[in-house]
Amino acid sequence: MSDSEKSRPNGSESTRSQTSLRGPRTTDPVLHELLPAHFNYTSLNQAESELAPRLAHGLERVLFSPGPVLMRDPRTRTFNFSNDIYRIPNPKSFDFSRLSSYVTASEDKVLQGMALEHGQKYYASTSSITTVLSKIILAISGMRPLNLDRLTMPFMSQSAAQTTSSRGPTGVILRYNDGVYGVDMYKRGDSPTVLMELGRVVEKMLCTDTPIFKSYLNNGIGLDELNKDQPDVFHFAKAEGFLLRAQIDCQHPALPGKTFDLKTRATLAIRMDQENYESNLGYRLRKLTGLYESFEREYYDMLRSALLKYSLQVRIGNMDGIFVCYHNTAEMFGFQYVPLEDMDHDLFGNSVFAQQCFAGSLQLLRRVFDAATLEFPGRDVKLMFSAPKEQKLGCYVLAKKEGAQLDVWDESKILKFTIETRSIINGFEVNGLPFVQDIETDRGDSSTRSQQAQPRRRSIGNSTKDTPRLQPAPTWTFSSATSVAIPRLKMTTVLTRKTRTKVKALQWTMLTR
């Protein structure tokens with residue numbers, strides 16, 4: 001960090017000295033060093049994760065079975081699990097009032113209080129921050145193609161890029177409250193979809209014994225003692241000026257990371273036409289591999305569209321992985337447990353790049369937030385991020401109108417940030433992040449959530465003799481109290497800020513050593 005940066009309060013990203021020019025005015029760039037290797041992540045309530053529910057109906061064996069596990073054997077039609085979870089109830093028959101209502105980050109008084117207690121300027125939930133973090137990672141990695149080497153041959157000719165929707169624009173709102181900012185995801189009047197509602201039904205069904213689950217149905221028999229819904233369990237952590245909240249869906253003591261997230265995945269036909277989902281129930285998952293009607297196709301689509309966001313949620317919550325349920329809204333087809341190291345392999349090629357991108361993206365987002373709140377102190381601020389292109393990302397910033405009760409934004413002054421990055425790995429400048437073989441390391445102590453790449457696969461792609469293989473230290477821990485040597489990844493980021501009356505250039509360097 002430069003001396004000029006240390007002298008400014010609150011991580012200020014701009015300088016007030018300006019040069020008179022015709023039209024826009026500019027300032028000299030200010031150099032900042034961001035160090036992903038010194039990522040400050042601290043769990044605040046890891047012990048409370050033991051209060052999370054466990055899977056029911058014999059589903060826990062899926063956690064230790066690689067690949068998808070079918071609900072029903074296709075040859076003998078024998079159920080591998082209790083047939084009580086084969087048919088999925090219609091969401092209209094479920095009493096959602098019995099479940100805890102979702103609380104946005106800015107309205108969470110517990111989260112705000114913890115942010116003030118631990119001296120963090122921003123507080124957010126995984127749902128409010130992971131979408132924008134994924135856009136920053138795509139910019140840092142130069143829209144790096146996905147790693148498809150675990151899929152079968154038919155997918156080698158398919159696209160390895162993120163989907164258009166996952167690369168699309170997104171936004172967040174910083175809501176000022178008592179000196180700190182709550183981070184909410186920007187939405188334009190989105191109403192819950194049938195898949196969102198059904199996801200809550202399936203999560204409750206898989207973690208609850210059948211008699212208890214039936215009491216949640218509108219026609220269920222009331223059970224006074226069983227009707228007391230178990231409160232949601234959250235993991236809290238502080239990292240780089242953020243107080244982060246992640247909901248813990250399930251736990252199992254035998255897993256290295258103990259806890260995991262539940263995800264429901266509807267079939268291809270359902271996702272492509274959600275409004276007419278009942279007309280597409282004939283599309284079923286009949287085989288493990290193949291381009292259509294297979295578990296492999298569903299995982300491939302999830303890899304391109306949602307897995308990056310899921311991996312960020314797992315990292316923020318200090319979890320072990322995700323438990324995926326495949327269905328067509330009417331019946332369950334199977335289950336799959338995906339540990340974090342498998343997600344890292346498919347998204348980045350190895351866990352070292354994955355962890356450094358997560359750390360760098362969070363540090364970079366904090367600098368953008370600091371610059372925006374410095375320009376509009378004590379006001380709600382909306383930040384809209386454009387779709388990333390190669391190693392560039394745009395951001396537009398508006399402040400809430402003074403005295404406005406609703407979200408009415410002042411368009412008389414709009415800031416535009418342009419973030420450009422480049423990567424230097426072991427002295428070699430590369431476009432984004434290259435394909436690098438998994439790194440042979442041992443998984444560390446689960447108490448520090450060591451995020452290790454596993455030496456189980458061979459990566460494919462653009463590796464050449466000009467891109468050397470990384471030589472990491474034997475272990476690498478995900479802990480603020482540990483400083484170890486890891487591959488030298490340097491990312492130089494230039495942020496240019498523009499308004500209608502002035503232009504200010506900010507130059508950042510993200511350096512790992």
Which one is farthest from Ala330 (Cα to Cα) among residues in region 259-308 that are aliphatic (A, V, I, L, M) and under 18 Å from the mean Cα position of the chain (by Cα)? Leu308
Filter region 36-77 for residues that are without any contact (Cβ under 8 Å) to a residue 60 or more places away in the chain and under 15 Å from Leu206 (Cβ atoms); which is most open to solvent (accessible area, probe 1.4 Å)? Arg61
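If we keep just the residues of region 389-416 that are of a type in the set (Lys, Arg) and not in a loop (DSSP other than H, G, I, E, B), which is most open to solvent (accessible area, probe 1.4 Å)? Spell out how you get there, then give the answer.
Step one: of region 389-416, the residues of a type in the set (Lys, Arg) are 389, 392, 400-401, 413, 416.
With the extra rule that they be not in a loop (DSSP other than H, G, I, E, B), the set shrinks to 389, 392, 400, 413, 416.
Values: Lys389: 151, Lys392: 98, Lys400: 30, Lys413: 69, Lys416: 72 Å².
Top of the filtered list is Lys389.
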Within region 378-388, track down each residue that is open to solvent by less than 40 Å² (accessible area, probe 1.4 Å) and outside any loop (DSSP other than H, G, I, E, B). Val381, Lys382, Leu383, Phe385
Just checking, how many residues over region 253-281 are out of contact with any helix residue (DSSP H, G or I) (no Cβ under 8 Å at 6 or more places or on another chain) and of a type in the set (Gly, Ala, Ser)? 1
Total residues in region 108-124, condition of a type in the set (Asp, Glu) and in contact (Cβ under 8 Å) with a residue 12 or more places away in the chain: 1
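Step by step: first the residues of region 155-176, then only those that are touching a Ser or Thr at 6+ places or on another chain (Cβ under 7 Å) and not charged (D, E, K, R), then the one that is nearest to Glu275 (Cα to Cα). Which residue is that? Explain how you work it out, then say what you get.
The initial filter retains those residues of region 155-176 that are touching a Ser or Thr at 6+ places or on another chain (Cβ under 7 Å), namely 163, 165-166, 169-170, 172, 174-175.
So of that shortlist, the ones also not charged (D, E, K, R) come out as 163, 165-166, 169-170, 172, 174.
Working: Thr163: 21, Ser165: 18, Ser166: 20, Pro169: 23, Thr170: 23, Val172: 27, Leu174: 33 Å.
The extreme case among them is Ser165.
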Of the conditions (1) out of contact with any Gly (no Cβ under 6 Å at 6 or more places or on another chain); (2) crowded, with 22+ Cβ neighbours inside 10 Å; (3) closer than 20 Å to Glu240 by Cβ; (4) at pLDDT 95 or above, Leu364 satisfies every one except a single condition; which number is it? (4)
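Yes/no per residue for (1) hydrophobic (A, V, I, L, M, F, W, C); (2) in a helix (DSSP H, G or I):
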position: Val103; (1), (2): yes, no
position: Met114; (1), (2): yes, yes
position: Val132; (1), (2): yes, yes
position: Gly142; (1), (2): no, no
position: Leu151; (1), (2): yes, no
Among the numbered criteria (1) of a type outside the set (Lys, Arg); (2) modelled with pLDDT of 90 or more; (3) open to solvent by less than 10 Å² (accessible area, probe 1.4 Å), which single criterion is violated by Glu375? (3)
Determine, yes or no, whether Thr329 is touching a helix residue (DSSP H, G or I) at 6+ places or on another chain (Cβ under 6 Å), surrounded by fewer than 20 Cβ atoms within 10 Å (Cβ to Cβ) and among the polar types (S, T, N, Q). no
I'd like to check which strands (runs of 3 or more DSSP E) are fully inside region 184-293 and have at least 1 residues that are in contact with a Gly (Cβ under 6 Å, 6 or more places away or on another chain), modelled with pLDDT of 90 or more and open to solvent by 30 Å² or more (accessible area, probe 1.4 Å). 259-266
Pairs where the first residue, in region 82-107, is open to solvent by 40 Å² or more (accessible area, probe 1.4 Å) and the second is among the β-branched types (Val, Ile, Thr) and assigned to a helix (DSSP H, G or I), C-beta under 7 Å, 6+ apart: Asp84/Thr210
Find all pairs meeting these conditions: Cβ atoms under 7 angstrom apart; at least six residues apart or on different chains; first residue within region 162-185 and in contact (Cβ under 8 Å) with a residue 40 or more places away in the chain; second residue open to solvent by 40 Å² or more (accessible area, probe 1.4 Å) and of a type in the set (Val, Ile, Thr). Asp184/Thr104
For Ser2, which of the numbered conditions (1) on the phi > 0 side of the Ramachandran plot; (2) of a type outside the set (Asp, Glu); (3) modelled with pLDDT under 70; (4) surrounded by fewer than 16 Cβ atoms within 10 Å (Cβ to Cβ) fails to hold? (1)
Could you please find all residues in region 162-183 being surrounded by fewer than 16 Cβ atoms within 10 Å (Cβ to Cβ) and either closer than 28 Å to Phe335 by Cβ or of a type in the set (Val, Ile, Thr) (or both)? Thr163, Thr164, Ser165
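The values are calculated or read from the model by the stated rules, or taken from the named source; none is laboratory data. Just so it is clear, the model here is predicted, and its values are computed rather than measured. Ideal geometry is used to build each Cβ from the backbone, glycine not excepted, and the neighbour counts take in all protein chains shown. The accessibility values were calculated without ligands, DNA or RNA, using every heavy atom of the protein model including side chains. Shrake-Rupley method; radii C 1.70, N 1.55, O 1.52, S 1.80 Å.
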